[in-house]
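Notes follow the structure.
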Amino acid sequence: MTKITAAITSVQGYVPERVLSNADLEKMVDTNDEWITSRTGIKERRMAAPGEALSDFGAKIIEGICKKRGISPLEIDLVVVGSITGDYRFPSASNVMCDKAGCHNAWGFDLGAACSGFLYALDVGRVYVENGTYNKVIVIGADVMSSIINYEDRATCIIFGDGGGGVLLEPNEEGLGIIDTILKADGSGRQFLLQEVGGSKEPLTKDNIDERRHFVYQDGQPVFKNAVRNMADVAAEIMEKNQLTSEDVNWLVPHQANLRIIDATANRMGLDKERVMVNIQKFGNTTAGTIPLCLWEWENQLNKGDNLILASFGGGFTWGAVYLKWAY
Ligand code: UT7
């Protein structure tokens with residue numbers, strides 16, 4: 001019997017129009033363009049319009065995916081959303097997106113793995129397609145980080161931005177699509193990158209809001225050290241496991257948190273800059289959104305059969321790598 005793989009057959013990205021530049025941030029906190037550019041590689045990031053929620057991003061992404069593929073939203077079976085910034089605590093952003101985009105025959109859920117949200121969600125989608133349960137699964141990675149960032153905290157506000165993207169997964173019998181996945185987690189890293197209050201541990205109160213603890217907190221250096229080591233390690237591990245040399249890899253699609261982390265991962269894999277997708281200068285760190293945003297921007301440069309390594313590291317800690325063969 002032919003082995004079924006889950007292949008990406010359509011990609012769509014979305015970023016809001018409003019730009020927040022380094023020059024804008026210089027007027028808001030004690031920072032400067034030189035520091036931000038040299039330490040992170042970021043020049044500007046996008047901001048959601050007032051009232052624009054994750055489901056609005058998602059509905060546009062779903063509509064774009066279906067239009068490109070020439071299918072109706074009614075054909076979609078499942079929508080898995082990697083995100084930490086859903087419209088509500090509940091219902092899920094997936095439920096709202098499906099309603100707004102007209103996916104009335106789909107079910108879905110959100111999956112929270114911070115910056116690794118897209119890779120975790122992609123692997124869930126893969127299983128449903130590979131085992132024959134569904135033929136059309138949409139996987140979204142997107143975040144409205146501006147909804148949880150403190151624009152008085154220079155340690156975080158310079159890094160994050162809003163945006164995301166998604167892919168359609170369909171069965172493939174040519175050996176294309178997702179070949180292998182390695183996903184990891186270490187919850188002991190949670191103290192270094194988290195949204196401390198507003199969950200069941202410490203619900204929101206006037207006091208903890210006044211203390212600004214409902215926003216994202218990051219202790220950058222330990223996150224940086226763990227990111228450099230783990231993202232490079234997992235990318236090298238998936239290459240070794242699949243007997244891939246650096247010549248075999250056409251593209252690294254890295255999570256866009258810091259250009260120095262991306263460079264370290266590419267160096268470890270033996271890849272030159274021409275084979276690394278980088279758009280951090282335009283969009284900053286959109287958390288679960290970075291990897292599908294890259295796929296969307298580079299879609300026209302990808303060829304059938306290209307070997308892609310997707311790699312991420314983020315809050316949790318969560319990290320992982322996916323090896324896939326581009327299918328169109
Ligand atoms: O995507 C999720 C995972 N997240 C990540 O992967 C992020 C990982 N971490 C990082 O990318 C980096 O740690 C940061 C970009 C967040 C920070 O860069 P860093 O090189 O680790 O800087 P630092 O925190 O060690 O700070 C160095 C100096 C400090 O000043 P002193 O103590 O040396 O005088 C900071 O106070 O830079 C100062 N600083 C700033 N200066 C200007 C910190 N933030 C800023 C700022 N503008 N925005």
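The values are calculated or read from the model by the stated rules, or taken from the named source; none is laboratory data. It should be emphasised that the depicted structure is a prediction, and the values quoted were computed from it without experimental measurement. For neighbour counting, all protein chains shown are included, and Cβ atoms are generated from backbone atoms with ideal geometry for every residue, glycine included. Heads up: the accessible areas ignore ligands, DNA and RNA and are worked out on the full protein's heavy atoms, side chains in. Shrake-Rupley method; radii C 1.70, N 1.55, O 1.52, S 1.80 Å.
Annotations for the structure displayed:
- Principal axes of the chain: Cα extent on each, largest first, Å: 61, 45, 35
- Amide H contacts under 5 Å for residue 160: 285, restricted to partners 5 or more places along the chain or on a different chain, H placed in the peptide plane at 1.01 Å from N.
- Cross-link pairs 3/325; 60/325; 67/282; 184/273; 136/282; 3/304 - those with Cα-Cα distance over 20 Å: 60/325; 67/282; 184/273; 136/282
- With the charge dipole of the range 176-273 set up from +1 on Lys and Arg Cβ and -1 on Asp and Glu Cβ about the Cα centre, the Cα lying farthest toward the positive end among the listed residues 220, 255, 232 is that of 220.
- With N counted as the residues of the range 179-325, its alpha-carbon radius of gyration over 2.2 N^0.38 Å works out to 1.16.
- The relative contact order of the chain comes to 26 percent, based on Cα pairs under 8 Å that sit 6 or more residues apart.
- Under-5 Å amide H pairs with residue 18, H placed in peptide plane, nonlocal only: 47
- For residue 180, the residues whose amide H sits under 5 Å from its own are 323, ignoring neighbours fewer than 5 places away on the same chain, with H placed 1.01 Å from N.
- Computed Kirkwood radius, in angstrom, where 1/r is averaged over Cα pairs of the range 87-131: 11.6
- Label zone at residue 38 (point 7 Å along Cα-to-Cβ), backbone N below 17 Å, the range 251-270: 259-261
- Where Rh is the Kirkwood radius over Cα pairs, Rg/Rh for the range 5-175: 1.04
- About the centre of its Cα atoms, the chain shows a dipole size close to 120 debye [charges on the beta carbon of Lys, Arg (+1) and Asp, Glu (-1) only; nearest 20 debye].
- DSSP-defined antiparallel bridges as percent of all bridges, the range 179-325, nearest 5: 75
- Accessible area per residue for the range 1-94, computed on protein heavy atoms with a 1.4 Å probe, is 48 Å².
- Stretched out straight at 0.36 nm per residue, the stretch from residue 174 to residue 242 would grow longer than its current Cα-Cα span by 22.7 nm.
- Sorted largest first, the principal axis extents computed over the alpha-carbon atoms of the range 126-250 equal 58, 33, 25 Å.
- Charge dipole (debye, nearest 20) of the range 153-228; +1 at Cβ of Lys and Arg, -1 at Cβ of Asp and Glu: 420
- Just the protein heavy atoms count here, and of the accessible area of the chain at 1.4 Å, carbon and sulfur take up 49 percent.
- Spin-label zone in the range 179-198 - amide nitrogen under 19 Å from a point set 7 Å from the Cα of residue 152 along the C-beta vector: 195-198
- The helix-only estimate of mean residue ellipticity at 222 nm for the chain, built from DSSP H runs of length n ≥ 4 each weighted as -39500 (n - 2.57), is -9500 deg cm²/dmol after division by the residue total.
- Descending by average beta-carbon neighbour count within 10 Å, the peptides 171-177, 199-205 line up as 171-177, 199-205, the highest first.
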